[in-house]
Structure formats: C-alpha cells, structure tokens
Amino acid sequence: MEKPLVTIGTRGSRLALIQTHMVADALRAAHPSLAAESAIAIEIITTSGDKIQDRSLLEAGGKGLFIKEIEEALFAGRIDMAVHSMKDVPAFLPDEGEMACILPREDAHDAFLSVKYASLEDLPKGATLGTAGVRRKAFALAKRPDLNVVLFRGNVETRLQKLRDGVADATFLAVAGLNRLGLTDEITAVMDADDMLPAAGQGAVGVEIRKGDTRCRDLLAPVNCPVTALCVAAERGFIAALDGSCKTPIAAHAVYNEQEEKLTLEGALATENGEMLWHAAVTKPVQKTDDGTASAIGDKLGRDIRAEVPQDILDQLMGRVA
C-alpha cells in the first residue's frame with residue numbers, strides 16, 4: 001500500500017469528519033498530485049474533550065481539551081495537518097504550531113433549538129436551558145435571568161436527543177455545525193448577534209501545521225480564505241487580550257467589507273451569571289491579506305474593554321481569584 005502524501009488528524013465526531021473531508025476535498029481540487037484517494041489519509045484522534053462528558057469545559061480545563069491530543073500527534077510527526085473548529089482553539093497556539101489555512105466561513109451565529117418553544121423570549125419562567133458553554137449561559141441569562149441552566153455536553157446528535165428526551169426545554173448550537181450536518185431543519189430560530197454575539201472563530205474551520213513546515217504551508221495556501229482568516233485574526237486578537245479560554249464568557253465577531261476594505265469587529269465580555277456585560281465595536285480600514293493589522297485591531301478593542309472592567313471582577317473572570 002502506498003504511503004499517503006498527507007495525513008490529516010481530526011476528532012472522530014461526524015461533524016469533525018465532515019469538516020476534515022472539506023479540507024481534503026479542497027486540497028485534492030487544488031493539487032493534481034493529491035487527487036488519488038490514497039494520497040490523503042485521515043487519522044481519527046480521541047481528545048480529552050471527547051472523553052470528559054460529566055462536567056463543563058470550565059471545570060475540565062478549558063477549550064484546549066478538544067485539540068490537545070491532535071496537536072501532540074502533529075508535533076510528534078504522526079500527522080501532517082490538524083483540522084480544528086476555530087472556536088475550540090485557545091487564543092495562543094503552542095510555539096511548535098502555526099495556523100496555515102482557514103476555510104471559507106459558514107454562518108457564525110448561534111441557533112436556538114426547542115421542541116416546544118419558538119424563541120428564547122418564548123420560554124416560560126424558570127424553564128430549563130441546556131448548555132455547556134459559559135458564553136451562551138451568560139448571554140442567555142443576561143436576557144432571561146430566571147432560566148435554570150443545566151449542563152448539556154456531547155456531540156450535536158447527542159444534544160438533540162437530550163432535547164427530544166426532555167432533559168431541557170431548549171438549547172443552543174452553532175448554526176454552522178447544524179448546516180454542515182444537514183440538520184438545518186432542526187433550528188427553531190437563529191439568534192441575532194445583538195442578543196448572542198458568536199464565539200471567536202465560530203463557523204470557521206482551521207488547519208494547523210508544524211511551524212516552519214513549508215511543504216504543508218504551500219499545499220494549504222490556495223485553500224485559505226483571506227477574508228475569513230482576516231476576520232478570525234481580529235476575533236482571536238480580541239480574546240487574546242481578554243484571556244480567551246472556555247473559562248471566560250467572551251464573544252467576538254468580525255465582518256469585512258471588501259469593497260470599502262474595512263473591518264468591523266464587535267466584542268463582548270460578561271460575568272457568568274449575565275448580570276454584567278461589556279460590549280464594544282470598531283470599524284477600521286485594513287487590507288484583506290493583513291492578518292497582523294486585524295489581530296492588532298482585536299487586541300486594541302480587547303484592551304479597551306478590559307480597562308472598563310473593575311479589577312476584582314476582572315480577576316474573577318480571568319481565574320486569578322479562587
């Protein structure tokens with residue numbers, strides 16, 4: 001059997017595999033040398049985030065749990081590329097890695113799902129909301145402080161089944177994931193960004209390689225979407241200025257106007273109970289290939305919000321106070 005020219009590492013969920021096949025298909029379309037089925041191998045890697053289902057990511061150790069083992073395989077040379085949902089990637093990559101490519105973004109918004117109720121506003125007082133993320137919990141409680149929030153872990157299909165089983169009255173999932181899984185019809189309502197600002201990187205799929213791996217970098221160059229990469233760079237710059245782990249209720253969403261060459265970035269930080277929320281937005285000129293400037297715009301907006309938050313609350317949000 002021929003040795004594959006490229007080995008791609010991924011989580012084993014159906015959504016992760018769909019996203020990985022998107023990368024593989026794009027590589028095959030861009031490079032005739034990779035067109036043969038045997039040229040690209042896909043290795044499924046179980047992550048800590050997949051194994052831990054009995055507690056929130058906050059308690060388990062943060063969003064890096066979904067990529068830790070995949071990165072270890074990458075840096076050990078077992079795989080050549082690692083496919084990630086960008087919302088699962090911590091603000092700072094390890095020194096050994098670089099994000100070489102980001103695919104065109106899907107819808108970045110959150111979806112509200114319920115068997116009985118039409119919207120977040122429609123939920124009865126004291127209704128049960130299932131979610132595992134501190135961002136969704138905080139933004140939901142900011143609108144509906146009466147809700148009872150319970151832990152909702154598992155892949156998309158598992159969460160949908162929990163909803164049907166009555167474990168919760170409603171939940172939130174990423175529109176992008178539902179669309180990619182062919183489950184768009186499951187969406188009850190799409191959340192407006194004014195009510196629930198998306199997570200940084202939500203809807204975007206990134207490919208990490210070993211730092212300095214010019215072969216893989218060159219292979220991925222024609223697959224990269226400059227506009228998505230620019231927006232994600234701004235969002236990640238924002239969360240980097242504000243801790244940006246799953247321990248912090250933080251959100252960021254950027255949109256780029258190619259005609260005007262202007263980037264608009266919105267960012268928000270909240271307390272986990274949703275009682276306090278800080279929001280800011282900025283529009284700046286930037287060329288669509290200038291990820292460095294986009295990241296700096298995000299960093300500046302993050303620092304601006306950080307300056308508004310009382311120090312004791314900031315310490316609690318950043319996990320510096322027990």
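Placing unit charges on each Cβ (+1 for Lys and Arg, -1 for Asp and Glu) gives region 72-167 a dipole about its Cα centre, and among Leu120, Asn155, Pro104 the Cα reaching farthest toward its positive end belongs to Leu120. Please compute, over every Cα-Cα pair in region 185-322, the percentage with a separation greater than 18 angstrom. Percent of Cα pairs beyond 18 Å in region 185-322: 59. For the chain, the longest principal axis of the alpha carbon atoms and the long axis of helix 226-240 meet at an angle near 50°.
Looking at region 110-190, what % of its DSSP beta bridges pair antiparallel, to the nearest 5? Here the share of antiparallel DSSP bridges comes out near 55 percent. Panel order for Phe152, Phe238, by other beta carbons found within 10 Å of each beta carbon, from fewest to most: Phe152, Phe238. Beta bridges assigned by DSSP with both partners in the chain are antiparallel in approximately 75 percent of cases. The count of lysine pairs in region 110-190 with alpha-carbon distances below 17 Å, taking only pairs 8 or more places apart or on different chains, stands at 4.
Remark on region 110-190: hydrodynamic radius 12.4 angstrom, per the Kirkwood mean of 1/r across alpha carbon pairs. Evaluated at q = 0.10, 0.14, 0.16, 0.17 Å⁻¹, a Debye calculation over the C-alpha positions of region 52-209 (equal weights, vacuum) places log10 I(q)/I(0) at -0.39, -0.73, -0.93, -1.03. Who wins for biggest fluctuation among Ala176, Ala193, Ala24 in a Gaussian network model of the chain, springs between alpha carbons below 10 Å? Largest GNM mean-square fluctuation: Ala193.
Just to confirm the filter: which trypsin sites (Lys or Arg not before Pro) across region 79-181 are DSSP coil and have at most 14 other Cβ within 10 angstrom of their Cβ? Sparse-neighbourhood loop trypsin sites (Lys or Arg not before Pro): Lys116, Lys125. As a ratio to 2.2 N^0.38 Å, the alpha-carbon radius of gyration for the chain is 0.98. Spin-label model, Ala296/Leu93: points 7 Å from Cα along the beta carbon direction are separated by 2.0 nm. Can you return the aspartates and glutamates within cross-link range of Lys211? Criterion is Cα-Cα under 15 Å, with same-chain partners fewer than 8 residues away left out. Once the sequence-local aspartates and glutamates are set aside, what remains near Lys211 is Glu71, Glu72, Asp80, Asp95, Glu96, Glu98.
Taking each DSSP H run with n ≥ 4 as -39500 (n - 2.57) and averaging over every residue of the chain yields -9500 deg cm²/dmol at 222 nm. Loop-located GluC sites (Glu not before Pro) across region 218-322 with a Cβ neighbour count of 10 or fewer within 10 Å are Glu258, Glu260, with loop assigned by DSSP.
Rule-based calculations on the coordinates, nothing more; no lab input. If you're wondering where the values come from, they're calculated on a predicted model, not measured in any experiment. Glycine gets a Cβ as well: all are built from the backbone with ideal geometry, and neighbour counts include every protein chain shown.
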